[in-house]
Amino acid sequence: MRHLPLALKYRPKTFDEIVDQDYIKRILKNQVEHGLAFPAFIFAGPRGIGKTTTARVFARSLNCLNGPTVNPCGECPACREIIEGRSVDVIEIDGASNRGIDQVRELREQVKYVPLQGRYKIYIIDEVHMLTTEAFNALLKTLEEPPPHAIFILATTAPAKVPQTVLSRCQRFDFRRIGVEPIAHRLREIADRENIKIGDDAIRTIARYADGSMRDGLVILEQLTGYTEDEIKREDVLDVVGKVPDFAVLELFQSVNKKDKRKALEILTQMMEGGNEPFEIYRALIEYLRHLLFIQSGVDEPLGEGDQLLAEGINPLDLLRMLQVALNYEDLLRRSSSPRVVMEALILRFIYLESSVMIDDLLKYYEGRKKDIVQTMVDDLERIDKELAASLRQAEIHCEQNQMVVYTRDPKIRDQLLKKRQEIETVLKRIAGGSVRLRMEERSLKEKVISFFDGEEVK
């Protein structure tokens with residue numbers, strides 16, 4: 001007897017068995033219960049998250065001989081034929097291989113005929129974005145004026161490639177990637193039913209690597225059943241899926257954080273020579289940057305002490321900049337004939353990034369630096385000329401770029417400072433490490449503003 005893959009064996013047969021996608025299930029259930037099924041739908045979203053499965057469940061709910069019902073019986077001839085994929089009233093079409101205008105013209109001829117058994121004739125067109133422009137134009141007329149017995153469900157992983165004229169005539173449902181926890185929960189249920197011995201860490205690793213796709217998770221789980229007769233562990237999952245080892249990614253980022261170019265490039269070389277493709281490593285780096293940011297935000301728990309220490313030792317702004325740089329490399333990595341060189345350039349780019357500094361901290365630093373220069377200058381001058389230092393203490397002093405501005409209304413102090421200008425500038429040059437000019441002003445900026453507005457200072 002032919003083996004039935006887990007992804008098909010445990011394919012949901014009712015709305016309640018579909019994982020996540022709650023708002024979509026709610027709307028479709030309401031349409032079934034009230035007998036108000038819309039004639040055309042767009043099911044958009046990544047692969048393996050339940051678009052075609054939901055379309056089949058919706059078709060069974062509408063055409064069940066004991067319905068319409070949100071809980072199709074699964075026993076009547078209509079239900080069984082849809083489950084087995086041989087229903088004459090539910091037609092599944094692969095848009096990739098039936099993409100021409102001739103196939104759509106044939107469909108337009110068939111849609112005129114009423115269903116033989118069910119209430120509706122339901123057309124499920126998978127990967128509809130693969131249709132040609134002419135085929136879309138031919139389909140458009142049918143979508144504009146569909147027969148009362150016909151329903152079209154157009155599934156796609158690339159809704160942006162579907163013409164707007166088609167989208168505007170359909171109810172659109174955007175399927176989301178399934179979360180790690182729901183996938184892990186479902187995998188545990190199936191593993192227990194199939195008597196598959198697998199640890200919770202391994203289950204969660206599969207769920208994370210499935211990247212939101214329940215089908216991918218089930219395929220990995222089934223693949224692992226032939227890998228070992230013992231209990232499946234996390235290390236087994238990493239071996240089978242070819243995932244970049246977590247410890248290697250951690251060591252790589254530790255080297256990046258220490259600005260150790262040689263060590264970082266050595267670890268990258270070891271990863272690639274160990275069988276990991278450059279794009280797999282790239283994905284692992286993106287995921288780990290995200291993981292570190294989530295640790296800092298309190299969303300993720302660190303997987304070990306190394307994660308915690310690294311998250312504490314890197315500025316969140318630096319992580320965000322590294323993530324932004326890495327995302328800009330994706331297209332280059334896909335198109336390059338030398339992806340290894342691209343990855344090496346990315347790692348060096350990480351290392352050469354300057355550390356981020358908050359603007360407020362920077363301003364506080366320079367403001368403090370200015371005050372230090374003024375105070376040091378006055379202290380130094382006091383050893384040389386106490387009278388000059390005393391005059392400076394009575395004045396208001398500000399640093400502006402490469403100038404020191406002294407505000408004083410006392411003509412004696414101003415004359416004294418102008419006489420000693422060269423002496424003051426020499427001391428300033430030694431303290432500031434560069435040429436600084438002395439400028440005299442009679443009134444401060446605050447006094448000028450108050451005078452301009454004919455007002456007074458309010459404290």
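Listed by position, the helices (runs of 4 or more DSSP H) enclosed by the range 1-98 that each have at least 2 residues that are over 30 Å from L224 (Cβ atoms) and either in contact with a His (Cβ under 9 Å, 6 or more places away or on another chain) or in contact (Cβ under 8 Å) with a residue 12 or more places away in the chain (or both) are 22-34, 51-63, 77-84. A residue that is within 30 Å of Q21 (Cβ to Cβ) and among the β-branched types (V, I, T) occurs somewhere in the range 189-196. The C-beta contact set for the range 305-318 (first residue in contact (Cβ under 8 Å) with a residue 12 or more places away in the chain, second residue small (G, A, S), distance under 7 angstrom, 6+ apart or interchain) comprises N315/S355; N315/S356; L317/S356; D318/S355; D318/S356.
Within the range 19-48, being β-branched (V, I, T) and surrounded by fewer than 20 Cβ atoms within 10 Å (Cβ to Cβ) holds for V19, I27. Checked against (1) small (G, A, S); (2) in contact with a Phe, Trp or Tyr (Cβ under 9 Å, 6 or more places away or on another chain); (3) under 24 Å from S338 (Cβ atoms), G217 meets all criteria but (3).
Taking into account only those residues within the range 49-85 that are of a type in the set (D, E, K, R) and under 40 Å from the mean Cα position of the chain (by Cα), which is surrounded by the most Cβ atoms within 10 Å (Cβ to Cβ)? Working first, answer last.
Taking the range 49-85 as the starting set, the residues that turn out to be of a type in the set (D, E, K, R) are 51, 56, 60, 75, 80-81, 84.
Cutting the leftovers down to under 40 Å from the mean Cα position of the chain (by Cα) gives us 51, 56, 60, 84.
Values: K51: 25, R56: 23, R60: 31, E84: 8.
Out of the qualifying residues, it is R60.
Among the residues making up the range 126-151, those that are surrounded by fewer than 17 Cβ atoms within 10 Å (Cβ to Cβ) and assigned to a helix (DSSP H, G or I) are T133, E134, N137, L140, K141, E144.
Being farther than 24 Å from G45 by Cβ and in contact with a strand residue (DSSP E or B) (Cβ under 7 Å, 6 or more places away or on another chain) is a description that applies to K121. Checked against (1) more than 21 Å from the chain's Cα centre (by Cα); (2) surrounded by fewer than 20 Cβ atoms within 10 Å (Cβ to Cβ); (3) not in a loop (DSSP other than H, G, I, E, B); (4) not hydroxyl-bearing (S, T, Y), I196 passes all but condition (3). Here the condition is being within 28 Å of the chain's Cα centre (by Cα), under 30 Å from P278 (Cα atoms) and crowded, with 19+ Cβ neighbours inside 10 Å; of G217, G179, G242, it holds for G217 alone.
Among the conditions (1) at pLDDT below 85; (2) in a helix (DSSP H, G or I), L303 misses just one, which is (2).
The test for being charged (D, E, K, R), touching a helix residue (DSSP H, G or I) at 6+ places or on another chain (Cβ under 6 Å) and not in a helix (DSSP H, G or I) does not hold for K263.
For the range 238-245, does any single residue satisfy the condition of being at positive phi, among the basic types (K, R) and not in a helix (DSSP H, G or I)? No; the residues of the range 238-245 include none that is at positive phi, among the basic types (K, R) and not in a helix (DSSP H, G or I).
The values are calculated or read from the model by the stated rules, or taken from the named source; none is laboratory data. Since the structure is predicted, the reported quantities are computational estimates derived from the model, not experimental observations. Every residue, glycine as well, gets a Cβ built from its backbone with ideal geometry; the counts of neighbours run over all protein chains shown.
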